[in-house]
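What follows is a set of notes on a single structure, which appears directly below.
The values are calculated or read from the model by the stated rules, or taken from the named source; none is laboratory data. Only a predicted model underlies this, so the values are computations on that prediction, with no experimental measurement involved. Cβ atoms come from the backbone with ideal geometry, glycine included; neighbour counts cover every protein chain shown. What goes into the accessible areas is simple: the full protein's heavy atoms, side chains included, and nothing from ligands, DNA or RNA. Shrake-Rupley method; radii C 1.70, N 1.55, O 1.52, S 1.80 Å.
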Amino acid sequence: MAVAETQLYAKVSNKHRSKSPSALLESLLARGFPAHIAQKALVATGQKSVEDAAKWLHSHCNDPSLDDPIPQEYALYLCPTGHLHNCLQEFWKESKRQCGKNRAHEIFPHITLCDFFTCEDQKVELLYDILKQICNSFAQRFPPTISLSLHSSTSYLGFFVGDSHANILKEFAVAFSSEASALADCHVKPCLKQLHLTLAHKFCPHHQKTLEQLAKCINPGETCHWVAALYSRDMRFVHYQLSQNTNLRRGVLVMRHGERVDQVFGKSWLQQCLTADGKYYRADLNFPSTLPKRKDSVKHFEHDPPLSSCGVFQSRLTGEALLDQEVTVSYVYSSPALRCIQTAQHVLQGLKLDQKVKIRVEPGLFEWTKWEASRVIPNFMTLAELTEASYNIDTSYRGNIPLSSLVPSESYEEYVSRSSAAIKEIVTACPNKGVILIVGHGSSLASFTRPLVGLPARESSDFAQVVRKIPSLGMCFCEELKEEKKWLMVNPPVKTLTHGANAAFNWRNSIMED
């Protein structure tokens with residue numbers, strides 16, 4: 001492992017040195033470096049050469065904590081070499097290309113034998129001598145090959161070490177930790193849990209199947225020589241460097257809105273909750289507690305219905321699930337329909353982004369107007385009204401397709417053309433990495449994703465059948481393969497919420513009457 005590959009980890013070794021540690025230190029002192037800083041540079045670079053140490057010092061010359069007596073941290077790793085190592089490196093490369101970076105890419109293939117521990121700079125040489133001594137004593141017991149079996153979950157993929165071989169490796173780790181604690185005055189904790197070699201960690205769940213397929217190409221029985229080695233890391237830079245290693249891909253998440261009130265209470269829902277003088281009241285707990293204010297008649301909500309209370313809950317729960325999966329939403333676009341804007345708002349609340357990411361209202365995202373029961377385009381709330389109602393709207397955004405261009409009862413061909421143009425404009429306008437969240441209608445999932453991945457539109461006769469099967473908050477996810485200059489449809493980062501019906505209940509009719 002060359003220092004040039006990563007500044008976070010450096011292999012500790014006294015092999016192939018042109019000079020002894022004391023001679024290396026003297027050379028740095030002759031160049032004018034203070035002793036404690038020169039010692040720190042040698043330790044940080046594995047005491048390989050004066051040149052490596054000097055480069056490290058020049059790269060950290062502006063570090064305000066360079067003079068601080070902060071010791072290095074060390075870990076004992078068992079690293080594969082030979083053909084197995086090459087296979088693992090190929091997996092690293094291909095998994096990064098197909099699925100983007102995950103936590104495993106922050107380091108190299110290894111089995112951790114001892115967790116990170118600190119050691120004073122002047123005692124580091126003792127660690128290598130101790131490791132060499134323990135290796136010699138275990139030379140006859142160390143297995144020529146290590147039994148590895150593939151294990152997979154939604155956030156981890158790797159090889160587990162078989163019990164018989166793991167027991168020997170744990171004894172090896174315990175022996176090293178005991179000697180290091182006694183001779184180098186270090187508190188070393190050996191790894192006594194399940195020993196493993198990580199292939200991928202903290203990846204998006206929808207990448208699991210792809211990573212599994214790549215992992216199955218690795219033969220863990222390949223020719224391999226295992227090397228026990230100490231690696232150091234500088235704690236002043238570890239957290240900073242890890243945070244810089246995140247690599248976000250562009251993705252498009254198309255989502256249907258949550259449950260709408262007329263879906264539960266029928267088209268006459270508004271009549272059920274208006275008083276004689278036209279004031280709104282909550283006739284059932286699944287009606288929204290209030291309706292947002294609008295300057296025109298409240299009756300316009302009949303054709304632009306809000307979410308039900310359950311719809312609000314569904315949306316926020318979906319946002320929380322996306323947050324748990326570390327989905328980074330960079331942009332949000334919504335149909336002008338109130339139910340879509342509300343869904344976007346509550347998803348952002350679940351993501352804890354409602355104060356950071358604004359909703360861009362795009363008229364081109366509205367559903368196929370042929371399906372509008374009123375045969376007219378609904379009278380949507382204005383951006384000013386939405387903002388006044390506390391929706392986090394991007395009032396500077398101007399839609400790619402004007403609201404005035406929507407025509408009632410448009411043909412299927414017109415709808416397909418509009419949808420294709422809308423998604424292409426959105427993707428072009430969002431070049432940065434991260435997820436573009438699009439909140440639309442049941443018709444949106446196919447009409448926006450198929451042109452993005454290069455598929456033709458469905459036949460109009462099949463389209464309605466497909467849309468009817470899409471539940472509230474149903475979603476599709478596309479990822480950009482930048483190298484191939486194309487988009488690929490993959491599994492969404494979270495699963496769709498499933499729940500049962502809950503009918504209206506009249507206690508008097510059910511309980512009191514015989």
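Things worth noting here:
- Checking each residue in segment 81-114 for being open to solvent by less than 60 Å² (accessible area, probe 1.4 Å) and not in a helix (DSSP H, G or I) picks out 81, 100, 102, 107, 108, 109, 110, 111, 112, 113, 114.
- Residues of segment 441-465 satisfying the condition of being open to solvent by 60 Å² or more (accessible area, probe 1.4 Å) and of a type in the set (A, V, I, L, M, F, W, C): 455
- Counted residues, segment 233-254 - those being modelled with pLDDT under 75, in contact with a helix residue (DSSP H, G or I) (Cβ under 7 Å, 6 or more places away or on another chain) and either assigned to a strand (DSSP E or B) or open to solvent by 30 Å² or more (accessible area, probe 1.4 Å) (or both): 2
So that you can scan it fast, the table gives a plain yes or no per residue for (1) among the β-branched types (Val, Ile, Thr); (2) at pLDDT 90 or above; (3) part of a helix (DSSP H, G or I):
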position: 116; (1), (2), (3): no, no, no
position: 157; (1), (2), (3): no, yes, no
position: 175; (1), (2), (3): no, yes, yes
position: 193; (1), (2), (3): no, yes, no
position: 198; (1), (2), (3): yes, yes, no
position: 206; (1), (2), (3): no, no, yes
position: 219; (1), (2), (3): no, yes, no
position: 227; (1), (2), (3): yes, no, no
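- Hey, residue 388 out of contact with any Lys or Arg (no Cβ under 9 Å at 6 or more places or on another chain) and either surrounded by fewer than 20 Cβ atoms within 10 Å (Cβ to Cβ) or not hydrophobic (A, V, I, L, M, F, W, C) (or both) or not: no
- Considering each residue of segment 307-318 in turn, none proves to be buried (at least 19 other Cβ atoms within 10 Å of the Cβ), in a loop (DSSP other than H, G, I, E, B) and not hydroxyl-bearing (Ser, Thr, Tyr).
- Extreme residue, surrounded by the fewest Cβ atoms within 10 Å (Cβ to Cβ), among residues of segment 30-66 that are assigned to a loop (DSSP other than H, G, I, E, B) and at pLDDT 75 or above: 32
- Evaluation of residue 411 against the conditions (1) modelled with pLDDT under 95; (2) under 21 Å from residue 300 (Cβ atoms); (3) of a type in the set (S, T, N, Q) shows that the sole unmet condition is (2).
- Considering segment 338-361, the residues that are of a type in the set (D, E, K, R) and at pLDDT 95 or above include one that is surrounded by the most Cβ atoms within 10 Å (Cβ to Cβ), namely 339.
A quick yes/no check of all residues on (1) free of Cβ contacts under 8 Å to residues at least 12 places away in the same chain; (2) open to solvent by 40 Å² or more (accessible area, probe 1.4 Å); (3) over 17 Å from residue 261 (Cα atoms); (4) among the aromatic types (Phe, Trp, Tyr):
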{"position": "467", "(1), (2), (3), (4)": "no, no, yes, no"}
{"position": "471", "(1), (2), (3), (4)": "no, yes, no, no"}
{"position": "476", "(1), (2), (3), (4)": "no, no, yes, no"}
{"position": "482", "(1), (2), (3), (4)": "no, yes, yes, no"}
{"position": "485", "(1), (2), (3), (4)": "yes, yes, yes, no"}
{"position": "488", "(1), (2), (3), (4)": "no, yes, yes, no"}
{"position": "494", "(1), (2), (3), (4)": "no, no, yes, no"}
{"position": "501", "(1), (2), (3), (4)": "yes, yes, no, no"}
{"position": "506", "(1), (2), (3), (4)": "yes, yes, yes, no"}
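- Residues of segment 362-379 satisfying the condition of being open to solvent by 20 Å² or more (accessible area, probe 1.4 Å) and either among the polar types (S, T, N, Q) or under 11 Å from residue 341 (Cβ atoms) (or both): 374, 379
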